[in-house]
1. Where does each of 123-130, 363-370, 168-175 land if you order them by average Cβ count within 10 Å, highest first?
2. Provide the three semi-axes, in whole Å and in decreasing order, of the ellipsoid equivalent to the range 352-416 as defined by the square roots of 5 times the Cα gyration tensor eigenvalues.
3. Sorted by mean Cβ packing within 10 Å, highest first, what order do the peptides 300-310, 448-458 take?
4. Take the residue pairs K61/K339; K15/K317; K15/K55 and return only those whose Cα atoms are more than 25 Å apart.
5. By per-residue mean of other Cβ atoms within 10 Å, what is the highest-first order of 184-193, 107-116, 45-54, 157-166?
6. Give me the Debye-computed log₁₀ of I(q)/I(0) at q = 0.15, 0.19, 0.21, 0.31 Å⁻¹ for the range 123-175, equal point scatterers on Cα only, no solvent, two decimals.
7. So if each residue of separation counts as 0.36 nm, and I subtract the Cα-Cα distance between K470 and F167, what length gain in nm does that give?
Amino acid sequence: MDSLGELPALRNHSKPLGIRFLEYIKKGKLSYRTHQAIVLIVTFLAYTSYHASRKTTSIVKSALDPQSPDIGLKFPWRITYLSSPAENKRVSWVLGDGWAPFNRSDGSALLGELDVAFLAIYAFGMYFSGHLGDRMNLRIFLTVGMVGTGLFTSLFGVGYWSNIHSFYYYLTVQMIAGLFQSTGWPSVVAVAGNWFGKKKRGLIMGIWNAHTSVGNITGSLIAAALLSYGWGWSFVVPGLLIAFIGLSVFLFLPVSPELVGADREEEKVDSHRKNREEATEPLLGSDNEIKEKAVGFIEAWQIPGVAPFALCLFFAKLVAYTFLYWLPYYICHTAIEGKYLSSETAGNLSTFFDVGGVLGGILAGHVSDQLDARAITAATFMCCAIPALYFYRTYGHISLAMNIALMFICGMFVNGPYALITTAVSADLGTHSSLKGNSKALATVTAIIDGTGSVGAAIGPLVTGYISTKSWSAVFNMLMGAALVAGLLLTRLVVAEVAARVSEPRHQGQGGSQSTSRDAELDV
């Protein structure tokens, strides 16, 4: 009895200070739905700030290395278009000659090396972050990661005022920033997975995953707006922003229902209709929580479906992150209607890719819920991305409106499967039936899938940094090839899902749940 009496006190002690304050104001416990709303809002803002701080590098590239490999133009900050070399010479003093060492002939390659250093450490750290996240308080873990990310993002910008021109300074700062950034995704997905079951998970997480695109848009707009005051501000302000939101995470984020003593009343009412589905969900009682052990790294890899989706994400993120890091630079160095855009204008224009990504993530999640077919949805989107990329490269220069429309479509098809795999699919696999109800696999599975994807995310920008100096057409050929491979890697799962759809009429009335059906498909 003593241990049972101590449990409420332990739960109250585990509640974040912000939750306790809200309960003090309300003079009562917060409802389960209120906790869910807080989780969605806090994790949304958290990962929005992660991507906002990550996006700044792509915007500042053209300021650090303004030399065009195609025509030798310098791109100033304070005008929208440059139409001739003569005009450029009259205003080039506004920007100067870039920032050493990135203003050399190998500047694009150096910037590519910064990208790959950041993403390689990010991918490497992801595996360990998931492992640690399943064994630590995710609220503390996420807070440390966000504050550390803010610190080292700001230190990159400090190089502007400190007049630092050492490539190794920026390389070191980017690598440490990548390590702290790796704490984000496994943590937010694990927390969201703790609070939301499989019903409509694709749609809910598709909407929630808009934080990726919203963060990219926010980071682009902030960095582009601050360029005219000095590129250092484009790093310092997003760095301060993520550190501030990190403190909000510490104050308000409830990690799981068990830790804050939240009761799921609606599940008790409907439990007799959901027993089989709930067996695979992470929302478990406190007694089960005590007995659970975190799933090992090798064991998580062996969960059916993890390997094919992880490898698919490798190529999907290769495409997505090449756009994330190089799209503003590509727009700057591509004549649209015969004119070249400034760095600030190109940064603002690139946000349409992320706007398309918001719609793509929501659409992919909704479609996969309706079809109960994650693999079919992801593979279809990746295949549609191939003609979208081709048309953007071939016809994007015709007019500004055409560029925006095709960029939007590319964002929709590229980010749709990327969002689906990193959210709903990861949560599905982290609560797979083979785990027998163990919720201690969410962060590990998420880290494996997104960590493998991040290796591709590192390779894409690196290769782009080298081959873009010779041919942007070659870059787009690489991206189309990666999209094709991503789709093909899901072939076996697609066949299984199609077979399940075909055989479905024969099994109607037998009481099988959707979650059981999906787990069976992933077993292939």
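Rule-based calculations on the coordinates, nothing more; no lab input. Remember, predicted model here, so these are calculated numbers, not experimental data. Glycine also receives a Cβ, built like all others from the backbone with ideal geometry; neighbour counts cover every protein chain displayed.
1. Order by mean packing, descending: 123-130, 363-370, 168-175.
2. Working through the eigenvalues yields semi-axes of 24, 12, 6 Å.
3. 448-458, 300-310
4. As for pairs spanning more than 25 Å Cα to Cα, those are K15/K317; K15/K55.
5. Highest to lowest by the protection proxy: 184-193, 45-54, 107-116, 157-166.
6. -0.54, -0.73, -0.80, -1.15
7. 106.8 nm
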